[in-house]
Structures are given as structure tokens and as C-alpha cells.
1. Return the residues of segment B:70-92 that are open to solvent by 50 Å² or more (accessible area, probe 1.4 Å) and either within 13 Å of another protein chain (Cβ to nearest Cβ) or more than 20 Å from the chain's Cα centre (by Cα) (or both); say none if nothing qualifies.
2. Residues being open to solvent by 40 Å² or more (accessible area, probe 1.4 Å) and either in contact (Cβ under 8 Å) with a residue 24 or more places away in the chain or touching a Phe, Trp or Tyr at 6+ places or on another chain (Cβ under 6 Å) (or both): count how many of those fall in segment A:142-175.
3. Taking segment A:230-269 as the search range and keeping residues that are polar (S, T, N, Q) and farther than 23 Å from B:TRP147 by Cβ, which one is modelled with the highest pLDDT?
4. Restricting to segment B:93-151, what's the tally of residues that are among the aromatic types (Phe, Trp, Tyr) and more than 9 Å from chain A (Cβ to nearest Cβ)?
5. With the structure loaded, tell me whether B:GLY26 is free of Cβ contacts under 8 Å to residues at least 24 places away in the same chain and either crowded, with 18+ Cβ neighbours inside 10 Å or not in a helix (DSSP H, G or I) (or both) or whether it fails that test.
6. Which one of these is in contact with a Lys or Arg (Cβ under 8 Å, 6 or more places away or on another chain), more than 9 Å from chain B (Cβ to nearest Cβ), closer than 19 Å to B:ARG22 by Cα and of a type outside the set (Val, Ile, Thr): A:GLY95, A:GLY91?
7. Among A:ARG112, A:ARG101, which is the only one that is within 20 Å of A:LEU84 (Cβ to Cβ), in a helix (DSSP H, G or I), open to solvent by 30 Å² or more (accessible area, probe 1.4 Å) and without any contact (Cβ under 8 Å) to a residue 60 or more places away in the chain?
8. Select, from A:GLY238, A:GLY213, the only residue that is facing chain B (nearest Cβ under 9 Å) and of a type in the set (Gly, Ala, Ser).
Amino acid sequence: MTGPRSVPLRTGLARGASAVGFALGLPVLLFTLWWVLSADSTTIFLPPLRRIVEAFGQVWLSDVFVRDVVPSLRRLATGYAAALVIGVGVGYVVGRWSVVRALTGPILAYFRVLPAPVMIPVLLVAVGIGDATKLIVIVLGAVWPILLNTADGVRAVDQVHLETAAAYRLPGWTRHGLILRAASPQVFAGARQALGISLIVMVVSEMLMSTDGLGFTVIRFQRTFAIPQMWSGVLLLGLLGFALAKVFELVERRALRWHRGATGREESS
Amino acid sequence: MTTSSRVPAPTRGSAGGPVAGRRLLGVVGLLVAAAGYEAVTRTFFSPLHVPPLSAVAPEALRLLTEARFWTATGRTLLAVASGLVIAVVAGIVVGFAIGSVPWLLRVTSSTLDFLRPVPSIVLIPVLVLVLDVAQITVLLVAVSCFWIVLFQVLYGLRDVDRVAVDTARSLRLGPLARVVHVTWPSVLPYLGTALRLIVSVALALAVTGGLVMGAAGLGELIWRSQESGEFTGMYALVLLTGGVGILLDLGARLAERRLLHWHVATRREVATG
């Protein structure tokens, strides 16, 4: 501790390097293992990783990206955003007023457990095949965790906070903002769950309503026995799920910085 | 993920009202929603594509007397149950193995973080080439629920009271006894939460397996009635699938309560009704 100033820096660097080592070690090892073990594979279902990576470049870095990946992502973003707006809005009303909560309780309980993919055939019949259907399915799948968590969070807002806000005669809008802010850790928990669900629902709806999109393309590769291409699609979907989760984590960390500070907790889960 | 049952319900007195009144309001809400659906379908949609509730409900009742509905439900529940058992056992074993060895946790955490958000249905195209659809459905259920159980176990292990562990150590409890008396009871509430979460996830994936791959069960039945144009039957099946979900959820909550009857949150919940 009493050494020259460069020592803490160096230990800091060493700690950083070891953290990177720990983070990358196993993934690199697994990837290498897969690469080496599959190198001479002649099984049609398990092509060498080298060929999958080649296919990845050929398939996804071409116009297929614009034709299939972009529409998928657009639907996902639109549906998820709509689910956020509706879920937080309705969830706020449900959580804030106990009469609304009592009235909607059984219906919400029902829709929470109804599997989202089941709505795909229903909407196929009611709305028809097309973008609108896929969008509605994503909203219907993602909205419930957001709504229910928002309602729970709003309901659990500290009574003292509410009374303080009332005592200071804060205007209505500020008060709504405060309540929503206090509920935001719960809202984020719901939103994170909804992100995973909307990705799944997006892929399933594309698998079932074969027009375009990532899910459809992967299934088409599989049906035409373009196995390396299919694997590359599976990889892309995996990467997409990972990237979305990471982006969400970043947003959450920024938005809930006050919360971690206020409660001294590492993670709000 | 309604975390409400882990947080003691805030006693707000006047606003909540007695339980009976709340139930009554719930029934009123259901009736209003049913009437609203009936009115909207009758005015805006053709009864062929979006049948009103007055047509769907009798159809659902009729389905309840049919063997094919019960076989399909049985198959779906079998997939749910097998997947859940695999997920819970594997999640607990792997969770305890990784969570109790610090360096193992450090080495694997990035990999686990990478694999968890990968939606399990991406496996469908790969697996469909090597397994039959019923097995894949079980596997989908198992994989999705495994992650939830695993991470709940890891959260639980992180939450174990250091003082309790040190106390057990100073009482010379062996490693196994420490797991049984200290670690396991601390993880149990997290497992209860996991149980509540995985039941509806499991149902969703079992049904998805039927929809996408035609694995025998409720999902396949729904998809077939859609393809053959029996739309009223399809709506009735969807209605009943939600009912199956409600029953599963109820079962999970009861199981959680039994599992955690000793836990503070449960006792408080029982006390407040």
C-alpha cells in the first residue's frame, strides 16, 4: 500500500486482464473445441464450424439481411415499443386504483397464463396473414409481464412518499411521474422478461406465417437441407438474443442508477 | 413475474376492501369483458372468423366431453411435466455445483450470460433433423425452464447469510450438513419463485411445439382446427388452454406455499388473508 504510485495501477490492470480472461476463457475454449472437433465431420446435420462461419458471411451479409432480418427487427421494435406504452399505461391505472385492480384481476390472471403463441392461429383467422398479425402477436405476448409488473410496482410504492408528495401539494403530473419512477425497478423487471418473450413470439410467428423474416428463412433452409446456412441462422438468432439482452442491461443500468445507490443493492432482480 | 407474493402485501385498509367485495368486482369485470367481446364480435366481425362468446362457450363445454380434448391435454401436460422435472433437477444440480465453487462461477458466468437469452426455439430446426417432435417439445420445455431454475438457484446461493454459514461452521457442521441446514433453506424461496415462473413458460413451449412442429397435444389440435376451418372449435380450444394454464398456475402456487410454509413471507400472507 505504501509503494510507488504505479503499483495500484498495475494491480488494477492485472485485475482487469484477469477479468477479461475469465470472461473470454470458456467461450473461446468451447468455440475452439467445436471448431476442431467438427473440422472433419461428415455428418450432414453437424457440418464443420468452418463451413457454418462461411455460410454466415455468405447468407447474412448479403441482401438477405435487408429482406429478412430488417423486417424482423422492425416488427420486434415496433411491437415491443407498443407493448411498453400499453403495458406501463394500463399497468399504472391498474396498480393505482384498487377498484380497477379488483375489476380486472381475474381477466389479467387469465391472460398472464395464456401462452402467447396460441394467439397466432387466432389472429391468423381474425386479421389474416401479414405484418399486422405478427405485430399484434408480439404486443399480445410482451404486454402482460410489463403490465403486471408495473401494476405491482405502482401498488407497492411507499405510502410515506405519496403522503409527502401530497403534503408538498405537488401537482398531479409530477406525482404520477414520481410514482412511476418509484415503480421503475419493477417495470424494468417486467420489460426484461417481455423482451425475451417478444423475440420468441416473433420467431414463432415467422415460422408459422411463412412470408419473410428470420424465423421463416431458418425454417426454409432446414426444409431445403441447406444445413450450414440453417446453423448460421440459428447462430444469428442466438447472437440477436444476446445482443438485445446486453443493450437492455445497459439501458436498465443507466435508468436505475439512482435505485442501486438508494438501496445499496448490486442488482434489482 | 408478479413478485407480489414475496413482498408482504401493503396493508392499505380502506382501499382494498373485504375479500368478498373484491371477488364480486372481479366477477363483474369478467362479465363486462364477456359482454364487451360479444358486442364487438357481433357488430364488427363475421361470426365465421371471430365467433361471439355465445358460440365459443357451448363449443368449449362440448369439447370437455370429448376424448380427443382430454388426450391432447394429457399429452401437453406430460410434456410439461417431463420438461419441468428435467429442468428442476438439472437446474438445482448445476446451480449448486457452479454456485458453491467460486472459481467455477467466475469461469462460467460469461458463458451462462451468453447462452441464457438465446431463445430455446432456435433449436427447433436443428433438433427436428435428429429427434422426434415429442422429444423436442420436452427438450424445449426443459431448456427454457432450466435457465430460470439455474439463475434462481445462483441468486439464492448469493443471498445465503454469511453469519449463518459461519455459525454452522463454528458448530462444526460438515459440508453436507451445511447444505441441508443452511444453504438449501436459503435457496428454497428462490426455487419457489422459479416454480411459479416456469409453469407458464413450460405450458407456452409445450403448446408452441404443437403449433410449429405438430407435436401431439393442445397446440397441434389448435393448429389443425385452424387449418381445417373449424374456427369456433379453435377459439374454444384457446379458451380451454388458458383454463389449463390457470390450473397449472394454481398448482404451482399451492406447491410453493407448501414448500415455504415456514417462510416469513408466506406466514405473513396467510395471516393477512
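The values are calculated or read from the model by the stated rules, or taken from the named source; none is laboratory data. What you are looking at is a predicted structure, and each value in this text was computed from that prediction instead of being measured. Cβ atoms come from the backbone with ideal geometry, glycine included; neighbour counts cover every protein chain shown. We work out accessible area using only protein heavy atoms, side chains counted, and drop any ligands, DNA or RNA first. Shrake-Rupley method; radii C 1.70, N 1.55, O 1.52, S 1.80 Å.
1. B:TRP70, B:THR71
2. 4
3. It comes out as A:SER232.
4. 3
5. Yes; evaluated as a whole, the condition is true for this residue.
6. After ruling out the rest, the residue left standing is A:GLY95.
7. A:ARG112
8. Unique residue meeting the criteria: A:GLY238.
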